[in-house]
Amino acid sequence: MKIQFGTVSISNETADKFNFYISVFMNGHVGEIEGTAKIKGNKATYSAYTDSSLYDDPYCRMTFTNNGKSIQVKESYACSSWHGAAATFDGKYAK
């Protein structure tokens with residue numbers, strides 16, 4: 001799946017989880033993250049501890065919403081540990 005500023009790949013999908021890899025390039029900043037998201041209904045969630053005191057909530061939390069022809073990704077603030085300050089994993093990724 002591609003969007004203008006990056007790609008998301010989904011693999012090993014089962015009824016309750018999938019593996020993902022996201023790579024972005026925005027405004028001269030890059031980011032990469034990979035993990036396993038747990039599926040519930042048309043949404044899937046991912047959470048990883050950042051080991052940083054910079055955030056009130058040190059967990060990177062991502063939500064993947066299946067909208068049929070696309071997947072909407074939404075990240076929490078702590079996910080910025082995986083990308084530059086001017087980049088984000090947030091976005092609509094076409095299937």
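The values are calculated or read from the model by the stated rules, or taken from the named source; none is laboratory data. Nothing here was measured: the structure is a model prediction, and the numbers come from that model. So basically every Cβ, Gly included, is an ideal-geometry build from the backbone, and we count neighbours across all protein chains shown.
Quick rundown of the values:
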read-out: Looking only at region 35-61, and only at residues there that are part of a loop (DSSP other than H, G, I, E, B) and of a type outside the set (Gly, Ala, Ser), the one that is surrounded by the most Cβ atoms within 10 Å (Cβ to Cβ); value: 50
read-out: Region 58-95: number of residues that are of a type in the set (A, V, I, L, M) and at positive phi; value: 0
read-out: Which listed residue is assigned to a loop (DSSP other than H, G, I, E, B) and surrounded by 12 or more Cβ atoms within 10 Å (Cβ to Cβ), from 89, 18, 64; value: 89
read-out: Residue satisfying condition, being hydrophobic (A, V, I, L, M, F, W, C), within 23 Å of residue 16 (Cα to Cα) and without any contact (Cβ under 8 Å) to a residue 60 or more places away in the chain, within set 44, 78, 85; value: 44
read-out: Leading residue by the ranking (farthest from the chain's Cα centre (by Cα)) among those in region 23-46 that are modelled with pLDDT under 95 and of a type in the set (Val, Ile, Thr); value: 30
read-out: Filtered residue count, region 75-86, keeping only those that are part of a loop (DSSP other than H, G, I, E, B) and at pLDDT below 90; value: 3
